[in-house]
1. What ³J(HN,Hα) values, in whole Hz, does the Karplus curve 6.51 cos²θ - 1.76 cosθ + 1.60 give for the stretch 230-245 when θ = phi - 60°, with x put for Gly and Pro?
2. Above 14 Å lies some portion of the pair distances; for the stretch 88-163, what is it as a whole percent of all C-alpha pairs?
3. Mind giving me the FRET efficiency for Ala220 and Ala158? R0 is 41 Å, r the Cβ-Cβ distance, nearest 0.05 is fine.
4. Farthest toward the dipole's positive end in the chain, which of Thr194, Ala28, Ser80, given Cβ charges of +1 (Lys, Arg) and -1 (Asp, Glu) about the Cα centre?
5. Between Thr46 and Phe143, what is the FRET efficiency for a Förster distance of 35 Å, r being their Cβ-Cβ separation, to the nearest 0.05?
6. Calculate for the chain the 222 nm mean residue ellipticity that helices alone would give, adding -39,500 (n - 2.57) per DSSP H run of length 4 or more and normalising by residue count, nearest 500 deg cm²/dmol.
7. For the stretch 1-87, what class follows from the C-alpha gyration tensor (a ≥ b ≥ c being the square roots of its eigenvalues): rounded when a/c is under 1.5, otherwise prolate if a/b is larger than b/c, else oblate?
8. I need the calculated FRET efficiency for the pair Arg186 and Ala241, taking r as the beta carbon distance and R₀ as 35 Å, to the nearest 0.05.
Amino acid sequence: MERKPLIAGNWKMHKTLADAREFAGAFAAGPDEWPGVDVVVCPPFTALAALQEAFEGSAVMLGAQDMFYEKQGAYTGEISGSMLQDLSCRFVIVGHSERREFIREMDEFIGLKVHAALIQGLTPILCVGENLKQREQGKALGFVRGQVEKALVDLSSAEMGGVVIAYEPIWAIGTGKTATSEEAERMCQAIRMTVAGMAGGVAQEMRILYGGSVNKENIAELMREPNIDGALVGGASLKAAEFRGIIEQAR
Ligand code: 13P
């Protein structure tokens, strides 16, 4: 089963509007710039409109870093999937470990968002991953499996095929410590098997990404693994030249 590689940049809480415009200027790409790989940039909400304009007609797709699960209503501070669609977003990150930690997002809540994203026509990038303690105690595999099951439990098999999962071990995020490609592969394979247990053959269509200190030096080795279909890139997606280097290496 051929799965199209996906390289997504998560800017987190970085870049003013001026910074975002400067990045877009340096990252300008034609519509056929990277055949065979999907490229997504996920800026803060505040930069989406400017990037919608800047990336129109280019090979760069837009994603958001979060969304709420209701379509509209009295939910102060929240953003719905249809609002993201207005800004030409095709993807949305859901359940990033930073939101699980700092905003206290729970699996059930994350599951509602995954479902809402699909219903509202967006591709959710569901983030999962263990912390250092869980890893040292040998609990990583069970923990990550649980995260996947709890977030996907209410989806039909067909819906699950439309989800992207990003395995991001927390100890590798922003630390410069990458999981070895073998470690990352083992977990991505386990994630695929977990989805296969829930949804059967659809698991072979699902794209599974690795995230955590990805850069242009380590991406090629990670991408060589059979169950790693791309990367969710944090720090290295902030610089146009570095991010472009990752995409080139991924191809
Ligand atoms: P870094 O690439 O900065 O380690 O961040 C990874 C990440 O959290 C992407 O969502």
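The values are calculated or read from the model by the stated rules, or taken from the named source; none is laboratory data. Computed from a predicted structure; not experimentally measured. For neighbour counting, all protein chains shown are included, and Cβ atoms are generated from backbone atoms with ideal geometry for every residue, glycine included. The protein model used for the area step is the full one, side chains on, heavy atoms only, and it has no ligands, DNA or RNA in it. Shrake-Rupley method; radii C 1.70, N 1.55, O 1.52, S 1.80 Å.
1. 3J(HN,Hα) across the stretch 230-245, in whole Hz: x, 9, 10, 10, x, x, 6, 8, 7, 10, 4, 5, 5, 5, 4, x.
2. Numbers: 1734 of 2850 pairs.
Counting pairs separated by more than 14 Å, the tail of P(r) holds 61 percent.
3. Numbers: r = 33 Å, r/R0 = 0.80.
My answer for the efficiency is 0.80.
4. Farthest towards the positive end: Thr194.
5. Working: r = 33 Å, r/R0 = 0.95.
Computed FRET efficiency for Thr46 and Phe143: 0.55.
6. Details: 11 runs with 101 residues, N = 251.
Theoretical 222 nm ellipticity from helices: -11500 deg cm²/dmol.
7. Numbers: a/c = 2.17, a/b = 1.38, b/c = 1.57.
Note, shape of the stretch 1-87 comes out oblate.
8. Values: r = 32 Å, r/R0 = 0.91.
Using R0 = 35 Å, I get an efficiency of 0.65.
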